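Each remark here refers to the structure printed beneath this line.
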Amino acid sequence: MTRFDPSGPLRGWLRPPADKSISHRAALIAAMGEGETEIGGYLDAADTRSTLAAVEALGAEVQIGERIRIRGAGLRGAGPATIDVGNAGTLLRLLPGWLAGQPQGDWTLDGDDSIRRRPVDRIAVPLRAMGAELSCREDRLPPLQIIGARLHGTTYEMPIASAQVKSCLLFAGLLAEGVTRIVEPLPSRDHSERMLAAAGATVEREGDAVVIHPAERLEPGPITVPADISSAAFFAVAATLVEGSDVVLLDVGVNPTRTGLLAILERMGAAIEVEESGEQGGEPTARLRVRPAPLRGTEVGGAEVPLAIDELPLIALAACFAEGTTTIRDAAELRRKESDRVATVTAALTALGGRVEATEDGMVIEGSGGLRGGAISSHGDHRIAMLGAVAGLASAEGVEVEGMDAAAVSYPGFEADLGSLLGGGAR
């Protein structure tokens, strides 16, 4: 158990770790490319190390140093392999799109106990419609087995907005005969589209659809990964809740498809200053300054959900400190993450004295002005572990987190960075 006691103010500045979503995609697209791609600021965490190991097993050459260098296997050059994705759900769902269209070869993707509970039918169904040959346990769970096949373009209407499913189909579309159209019910993060276009692919937006044309080759240029807004979110919420705090977060990626958290917190009354600072790797970045503010309840749903899906647990935490009721709906996707985050967030916040009711597609939180404290389990979910830490700092009595080591999946240095802000320093 790791204990987080009520703290004094968080003060200082830091650059949060590199964006996990962009790091995964950068490594995969570099592996599909021709020649060597240099990636600056690649996230060093368990999930992203799994992606480097995967592309190396497929035939790409990987050099790990201050900057990552990947000599690609080529768009149609992935060799047969058994891939351990570890706990990386993004890798599990993106990689099959590339492998399914290979001219030959077979692959097995498997991972840890958490991964074996994460459904893959949402990529299997549309990939099969494109001609892919794949099978999975109970027709929906890993291990996932893939045999290279000739793919054909299709139009697929996604029932639920998911950047992972969309990215998988974009990769498959590069290798298919004819055009592939992916119709989104709501916009989701567009990192794959930006990176593929920069590498020479023809990707277009037509209304609600993303259209990708087949490609002969990809030629990625150098890629720089900005700081992860999902990691920055923990400090932003902590600074909002802990009296006397004043935190500055640098080089944070503020892609419009990722900034739902900022819009929701500001609507709740949070004091967040956003100063655009430029661009890294084709992604806009900003300096965020966050100070405490009283919060009020709000409604979260519809088009906002895909823009804040990974940060919704933190919105639920903030809502416990707000005045009034907060309702999170249209977020059934939370149940398909590293844990069932509707269930685990509800259980954790209730155990700490919150008034939270789970619904089929979200939560209803009755704000009580704070949390008592207590003990929670991370359930092996990195975001629940870090949520517990933030809750402890803002609580009346402190929080003990069982399984804090899960944070290493996306943020190995989380406790050290948190300590630097509690000490008023900078990293």
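The values are calculated or read from the model by the stated rules, or taken from the named source; none is laboratory data. These figures come from a predicted structure and were not determined experimentally. Neighbour counts run over all protein chains shown; Cβ positions are idealised from the backbone, glycine included.
Here are the numbers for this structure:
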{"item": "Unique match (being in contact (Cβ under 8 Å) with a residue 12 or more places away in the chain and touching a strand residue (DSSP E or B) at 6+ places or on another chain (Cβ under 7 Å)) among Gly131, Gly86, Gly79, Gly101", "result": "Gly131"}
{"item": "Residue in the stretch 388-427 that is nearest to Ile22 (Cα to Cα), counting only those that are part of a strand (DSSP E or B) and touching a helix residue (DSSP H, G or I) at 6+ places or on another chain (Cβ under 6 Å)", "result": "Val401"}
{"item": "Answer residue from the stretch 399-419, given it is surrounded by fewer than 18 Cβ atoms within 10 Å (Cβ to Cβ) and more than 22 Å from the chain's Cα centre (by Cα) and is farthest from Ala343 (Cα to Cα) among those", "result": "Gly419"}
{"item": "Qualifying positions in the stretch 158-193 - hydrophobic (A, V, I, L, M, F, W, C) and either in contact with a Leu (Cβ under 8 Å, 6 or more places away or on another chain) or buried (at least 21 other Cβ atoms within 10 Å of the Cβ) (or both)", "result": "Ala161, Ala163, Val165, Cys168, Leu169, Leu170, Phe171, Ala172, Leu174, Leu175, Ala176, Ile182"}
{"item": "Residue selected from the stretch 339-352 under the condition at pLDDT 95 or above and either of a type in the set (Ser, Thr, Tyr) or over 24 Å from Gly374 (Cα atoms) (or both), by the criterion surrounded by the fewest Cβ atoms within 10 Å (Cβ to Cβ)", "result": "Thr350"}
{"item": "Close pairs (6 angstrom Cβ cut-off, 6 or more residues apart or separate chains): assigned by TED's automatic domain parsing to the domain that holds Tyr156 in the stretch 206-217, modelled with pLDDT of 95 or more and not hydrophobic (A, V, I, L, M, F, W, C) anywhere", "result": "Asp208/Glu184; Ala209/Arg181; Val211/Arg181; Val211/Glu204; Ile212/Gly173; Ile212/Thr180; His213/Thr202; Arg217/Glu34"}
{"item": "Test: residue in the stretch 391-399 that is at pLDDT 95 or above and closer than 14 Å to Pro313 by Cα", "result": "yes"}
{"item": "Those residues of the stretch 122-136 which are touching a Lys or Arg at 6+ places or on another chain (Cβ under 9 Å), outside any loop (DSSP other than H, G, I, E, B) and modelled with pLDDT of 95 or more, in sequence order", "result": "Ile123, Ala124, Leu134"}
{"item": "Every pair of residues 6+ apart whose Cβ atoms lie under 8 Å, when the first sits in the stretch 259-274 and is under 18 Å from Phe321 (Cβ atoms) while the second is polar (S, T, N, Q)", "result": "Ile264/Thr298; Leu265/Thr240; Arg267/Thr298; Met268/Thr298; Met268/Thr326; Ala270/Thr240; Ala271/Thr240; Ile272/Thr240"}
{"item": "Residue among Val252, Val248 that alone is closer than 25 Å to Gly8 by Cα, assigned by TED's automatic domain parsing to the domain that holds Leu307 and touching a Ser or Thr at 6+ places or on another chain (Cβ under 9 Å)", "result": "Val252"}
{"item": "Residue check, Ala73 touching a residue at least 24 places away in the same chain (Cβ under 8 Å), over 22 Å from Leu387 (Cβ atoms) and touching a helix residue (DSSP H, G or I) at 6+ places or on another chain (Cβ under 8 Å)", "result": "yes"}
{"item": "Any hit, the stretch 272-280, residues being under 17 Å from the mean Cα position of the chain (by Cα) and either under 23 Å from Glu193 (Cβ atoms) or not assigned by TED's automatic domain parsing to the domain that holds Val409 (or both)", "result": "no"}
{"item": "Pick from the stretch 194-208, criterion farther than 20 Å from Thr155 by Cβ and crowded, with 19+ Cβ neighbours inside 10 Å, ranking: nearest to the chain's Cα centre (by Cα)", "result": "Met195"}
{"item": "Number of positions in the stretch 209-244 that are more than 30 Å from His152 (Cβ to Cβ), charged (D, E, K, R) and surrounded by fewer than 20 Cβ atoms within 10 Å (Cβ to Cβ)", "result": "1"}
{"item": "Odd one out for Arg289, checked against (1) more than 22 Å from Ala396 (Cα to Cα); (2) buried (at least 19 other Cβ atoms within 10 Å of the Cβ); (3) at pLDDT 95 or above", "result": "(2)"}
{"item": "The stretch 359-380, subset under 18 Å from the mean Cα position of the chain (by Cα) and without any contact (Cβ under 8 Å) to a residue 60 or more places away in the chain, residue nearest to Gly86 (Cα to Cα)", "result": "His379"}
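So that you can scan it fast, the table gives a plain yes or no per residue for (1) under 21 Å from Ser162 (Cβ atoms); (2) modelled with pLDDT of 95 or more; (3) not charged (D, E, K, R):
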{"residue": "Cys320", "(1), (2), (3)": "no, yes, yes"}
{"residue": "Lys337", "(1), (2), (3)": "yes, no, no"}
{"residue": "Leu371", "(1), (2), (3)": "no, yes, yes"}
{"residue": "Asp405", "(1), (2), (3)": "no, yes, no"}
{"residue": "Ala408", "(1), (2), (3)": "no, no, yes"}
